[in-house]
Amino acid sequence: MTRRVVLLCGPAGAGKTTAARASGLRVFDRDDPDWSTDAEFNEAIASLREERDTQAVVIRAGATSSARAKTRRLIGATEVYVVLQPREVLARRIHHRGRADARHTLAALNAWFRSFDRDDGVELFTGWADDTVALGVIGTVW
């Protein structure tokens, strides 16, 4: 088995979790209730760097190229992608979730877009390697 560790980044509501689940890979999402603390989650994803045959997707916000680079190094990512949708679509998705933290999430969405950069040269990506998932995302292979 070839090692594959994908870092999937993007703002709230972009479809990161949906894409990750559709990949068929093991998913590491901080929003998953299995993770009690940031430290516990970070320890788990850091261990991926040493796993030779692992197949996993790690979900992070990663608005900046420096944040993506830091996480890429931490997990030993083989691929990095940024899922993007128009801000209006994301805001609509956040409202439709009906969560109590919608106001906070919308503020975080605006902050994500203010911080977002592509200084790391990420390119447009249209799906997973096996073409089972076709998304409008920006990505690069490391």
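The calculated FRET efficiency for ASP117 paired with ALA46, based on their beta-carbon distance and R0 = 22 Å, is about 0.35. Which of the following values of Cα extents along the principal axes in Å was calculated from the structure shown: (i) 41, 34, 28; (ii) 41, 39, 32; (iii) 79, 21, 19? Of the listed options (i) 41, 34, 28; (ii) 41, 39, 32; (iii) 79, 21, 19, (i) comes from this structure. Among beta bridges identified by DSSP and lying wholly in region 4-141, the antiparallel ones come to about 35 percent. Tell me, what is the percent relative contact order of the chain, built from C-alpha pairs under 8 Å that lie six or more residues apart? Reported relative contact order: 33 percent.
Roughly what angle does helix 102-115 make with the longest principal axis of the chain, taking Cα atoms, 0 to 90 degrees, to the nearest 10? It works out to around 60 degrees.
Stretching the chain fully between ARG92 and LYS70 yields a gain of 4.9 nm (0.36 nm per residue, less the alpha carbon separation). By how many degrees, between 0 and 90 and to the nearest 10, does the Cα long axis of helix 87-97 differ from the longest principal axis of the chain? The angle comes out near 90 degrees.
Only the coordinates and a few stated rules stand behind these numbers; no lab work does. Not measured: the values here are computed from a predicted model. Every residue, glycine among them, receives a Cβ derived from its backbone with ideal geometry; neighbour counts consider all protein chains shown.
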